[in-house]
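Below you'll find the structure, written out as structure tokens, and then a few comments.
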Amino acid sequence: MNIFFNLRGTIVRQIAEDRTLAEAAMSPPRRSSSPPRRSSSPHRRASSPPRRSSGSHDDRPSAETLQRNNSSNSGVILDISALKMAEVDTEVPPLPPRYRFRDLLLGDQTFQNDDRVQVEFYVNENTFKERLKLFFIKNQRSSLRIRLFNFSLKILTCALYMVRVSMDSPKEVDGNPCVFLHSAICRSNNSTADSATIDWSLIFCVDRRESLWAIQVTVALISFLETMLITYLSYKGNIWEQIFQITFILEMINSVPFIITIFWHPLRNIFVPVFLNCWLAKGALENMINDFHRAIQRTHSAMFNQVFILICTLMCLVFTGACGIQHLERAGKHLDLFDSFYFCIVTFSTVGYGDVTPQIWPSKLLVVILICVALVVLPLQFEELAYLWMESQKLGGNYSRHRAQTEKHVVLCVSSLKIDLLMDFLNEFYAHPRLQDYYVVILCPTEIDIQVRRILQIPLWSQRVIYLQGSALKDQDLMRAKMDDAEACFILSSRNEVDRTAADHQTILRAWAAKDFAPNCPLYVQILKPENKFHVKFADHVVCEEEFKYAMLALNCVCPATSTLVTLLVHTSRGQEGQMSPEQWQKIYGRCSGNEVYHIRLCDSKFFGEYDGKSFTYASFHAHKKYGVCLIGVKREDNKSILLNPGPRHIMAAADTCYYINITKEENSAFIFKEEEKHNKGLSVTGLYDAPSRLPVHSIIASMGTVAIDLQNPDPPEESSKLTLPTENGSGSRRPSIAPVLEIADSSAILPCDLLSDQSEDETNQSDEEGSVASDFVKGYPPNSPYIGSSPTLCHLLPQKAPFCCLRLDKGCSHSSFEDAKAYGFKNKLIIVSAETAGNGLYNFIVPLRAYYRPRKELNPIVLLLDNQPDNHFLEAICCFPMVYFMAGTIDNLDNLLQCGIIYADNLVVVDKESTMSAEEDYMADAKTIVNVQTMFRLFPSLSIITELTHPSNMRFMQFRAKDCYSLALSKLEKIERDKGSNLAFMFRLPFAAGRVFSISMLDTLLYQSFVKDYMIAIARLLLGLDTTPGSGYLCAMKITEEDLWIRTYGRLFQKLCSSSAEIPIGIYRTESHMFSTSESQVSINTQQGEEHCERGESWKEKKAHRNSTTSDQSEHPLLRKKSMQWARRRLSRKTTKPSSRAERISQQRLNLYRRSERQELSELVKNRMKHLGLPTVGYDEMNDHQNTLSYVLINPPPDTMLELNDIVYIIRSDPLAHMPEDSQVGQAPGTRNRQDFGTETRDETHL
């Protein structure tokens, strides 16, 4: 910068010096008696630098030469070097001292001001013609006024014509100034025709009064002058083009005759077709509307403009025909203006009554001309209108500003609209009662699909859904959708794209455009890949698909059917699905599926208002006991974070927001008390708790409006503080009873969590080998996150990062020589994940399985079976986790499956591949995945396979059995539920109910529901372990064993968990045995012989192996199966005849032989491949099959629900870091043992 300023100063000083020399050469030398100043200062002269040019005195040009050169160059000094040599005897005196410092800082201001040249632009617009053109044509507002004035003049001329017609009398010829023309025409007619000849004088002459004539002349004169001025201003070099314009010709016809009558009085009553000004008024009106649009910066649709032009054309045709026929018929039938108007309407409408007709040939000729013009003009107008209508159907209409200001609407932005996406959004959005009056405006860049168009034409949606074809990146389209007035904007990604990153980029741009156009509009954004999430952090709600997908699939491995649990929670349902089915499991499963998450302030709640000042655990248990609602979380008024099960140390406050699971929200619930309850209302809360010995029976009636809860007064107890255990086998021995839930937390009553002290437990209880392995794990935060925005989670980590070569399962390295899963000798079952690429979302699969609250001895090894090799960036992120390996291979290769240890795996997770998400036929995108999973299902029947599909409708093909009548009956039930309007028609599919199949599109409702429940995304992230808020609990599971069945009911289990370990149960995963028939004849046989004693015994043996309930009776199982078979046969609607028992036995034997031979063949195939690979065949058990069981999820079941053997209970365990006991050596309560997450067979069973 210093060099720049020094250079600038040097240049300025040099130019100033040259300018001074030039001025000195131009001006004559001043004569002074005093000696020159430069001679009086020799030191300054000596110190001054030498001149750049040192020419002699003779070589310098004279002043006259310089002036002559300057005059020849128009006053511009060109030769500066010559001017510097023009110093003859004098030198420029130096500047006074007072200017030097200012010149140093600011430069020579005098020089800058003197040499500055002012340039004026657009001087061509200063002419008189340009100013007139600016006023009359270019300026929007002034030209709009001129066109409005012109339009008013034309309407006035038409009105004056109608006034003249109403005052005209064709028979009055006397006194007519045009009488000479009348007499001449009459003489001509008498000489050439008879008495029926046309009186032409009545056509050429009219009766016009003096005052009316004066007004018409004035208007005509103004119109003529305006037309000539506009023609002059619009002249572009071709005068004939201006003259032969139709508008100019009409102006001359309607104005020049009136101007002529000023100078020739006899022509004042001559006829002038002033009614033709209606066409000029039509053109002026069109131009005026265009100028109006330009002035207000808004435009109507082209459809509106075309309809307006068509209407104006019809009006002009009718008006021209009415006026023309009326005037010509003055010489004939003498029609008035109304009759001629009636005749034109009847004629143009093609009715043609014939009561009014023209009588003379000129009027008939005019009718013919008008009909010809109409036949040419009107079809063109209608064609343009039809074309615009077709285009408008493709592009959609506009959502008017008036509607946007008076109605509420949301905008849905998608790149391509599919029928499934549309129906999921509409069904979930309009499932809430308060959204019934909202409108949905769909903004999509593609043309509307035929199926979508057909759906939007249904009256249910046609009045509430508006489709607009346009881009969210264009402000015009956002203005059409009235984005700035919208209540919300949903921006969804296209998950069917092959390049999901490109789909995310499009979503990001749409979100940016919407935020730029409407900053105050709430944004609900769906993103596919987690690395792109931070670009849309400004959005109000963001759902990352891969984050939720992988976290849900990971929890499915440790908490079975977590995907089904979360899917049912985020779907809106009335709980009425399956209530007409004779199957008991479908009834209770459908009723519990209606449970959702709601919120309410504690001070406004009937459910929780009485627990102000009590602990959270106390409030949760008693609210479930009394009302059947499950309190799962809370949020402080001064804290924005939601806490799931904050534990007994959290004291409820009146300002807290409570989050609970129930059939419907509290505002839609009615409370019906019995007389005994009303009598005991005065009892305290403690008294109500101490009184009952058995839980009340709740009648949960799901309806759209109100839920009625029947509260019964329980019987008085024998002991008020403890729940006794019934005697077992007639003996008097008892186990410890269930302790009461305390109002205020007691640290001695709560079991210390063993999750942080499991290292010492491992050292004491495990072998030396297991202890050494466990001691290698540390707790900490992963050092490398694969993407920006991942929530930090405390995990089990390796003390040192594993080398990349050690992560490869099937290849040995210098650190390890193991080449297959068997060689590693894992203690726990494997979890295998099959994916196409190692994306950043796969990181969210590992984190929940390595979270700090998972006991070390229950960590399952994770094997990533990848189609493509992972990059170093991903390996750097996972190398810190223990027992995480990868292998290159695919699931359609049996050798790869065996090498990765599939026979030692407990769960196989098949992730939908990006390359197969798009297909020519949409629903064929899952074809390869379904067939591969079906193959593994046949090869490894005991393996739990969790599959992700693109389309939920394809889940019916999972574990497909062609001759399974029960599955066919379930298919018919699904169709019935869909016809009833259920949003969860697919819920009765056995793979979905068991949590074996999942589609990420099911979670689209999570984003839709967040519009009404803004907390749903946060709760879902906490449940899945994507976010770890300090003090918030986590989701885990426990298994009911034979030693736990003494608890009997779900309500008693709720009390047991709350009182012992402060855990909140939220549901049950139940597995039952079921007889699946392979043919309809078998259904018939089993139905008719269901009551035989032998069959009852066999059924009970099978039932007892999978289901051991203390309240079940052996005699009820054949009856249930009988009803099941009757229901299946009734759903099939087929009539079959009973075959002979011998033929049935033969067919059954053949079927068993076929199945046995097929299994043996598959078993031999697998064992041969294992021998070829050098793997032991001991672990392969082909006969261990779970095909005769069905599983389902019960969310927040009633308290009186009986527990059954092998039930898995979903619990929300409080954060162990939130309330660690001060003394780490706190003893356990007598008679209890620590509960652990449900895991594999090697884990300890849970006992209560």
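The values are calculated or read from the model by the stated rules, or taken from the named source; none is laboratory data. Here the structure is a predicted model, which means the values were calculated and not measured. With ideal geometry, Cβ positions are generated from the backbone for all residues, glycine too; neighbour counts draw on all protein chains shown. Calculation scope for accessible area: heavy atoms of the full protein, side chains included, ligands and nucleic acids excluded. Shrake-Rupley method; radii C 1.70, N 1.55, O 1.52, S 1.80 Å.
Multiplying the residue separation of Ile419 and Asp475 by 0.36 nm and removing their Cα-Cα distance gives an extension gain of 17.5 nm.
Per residue, segment 255-391 exposes 52 Å² of accessible surface when a 1.4 Å probe is rolled over the protein heavy atoms with every protein chain present. Ligands, DNA and RNA excluded, the heavy atoms of Ser363 present near 0 Å² of accessible surface to a 1.4 Å solvent probe. Within the accessible surface of segment 762-912, defined with a 1.4 Å probe on protein heavy atoms only, the carbon and sulfur portion equals 47 percent. Summing charges over all other residues whose Cβ lies under 13 Å from the Cβ of Val570, with Lys and Arg as +1 and Asp and Glu as -1, gives -2. Whole Å is fine, so just give me how far the alpha carbon centre of segment 861-908 lies from that of segment 516-582. Each part's Cα centre sits 27 Å from the other's. Between segment 497-513 and segment 629-659, the C-alpha centres lie 37 angstrom from each other. Between Lys972 and Leu385, what's the calculated FRET efficiency when r is the beta-carbon distance and R0 is 60 Å? Round to 0.05. Efficiency computed from Cβ-Cβ geometry: 0.75. Which residues does the label zone of Asp1200 cover in segment 580-613, counting backbone N under 18 Å from a point 7 Å along Cα→Cβ? Inside the label zone: 584-585, 587-589, 591-592.
Computed over all pairs of different Cα atoms, the Kirkwood value for the hydrodynamic radius of segment 869-965 is 15.3 Å. In this model, which of Lys779/Lys1056; Lys537/Lys1013; Lys829/Lys1167; Lys635/Lys1039; Lys418/Lys1013 are farther than 28 Å apart at the alpha-carbon? Lys779/Lys1056; Lys635/Lys1039, as the Cα separations exceed 28 Å there.
Taking only protein heavy atoms and a 1.4 Å probe, the accessible area of segment 605-669 is 43% carbon and sulfur. Surface composition of segment 415-522: carbon and sulfur atoms hold 52% of the protein heavy-atom accessible area at a 1.4 Å probe. Using the Cβ-Cβ distance between Thr935 and Leu794 with R0 set to 41 Å, the FRET efficiency works out to roughly 0.55. A straight chain from Asp638 to Trp361 at 0.36 nm per residue would run longer than the Cα-Cα distance by 90.4 nm. Compared with the direct C-alpha span, the chain from Asn868 to Ile215 gains 226.0 nm at full extension, assuming 0.36 nm per residue.
Protection proxy ranking for 372-385, 555-568, using the average of other Cβ atoms within 10 Å per residue and placing the highest first: 555-568, 372-385. With R₀ fixed at 51 Å, the C-beta to C-beta distance from Thr231 to Ile450 puts the FRET efficiency at about 0.45.
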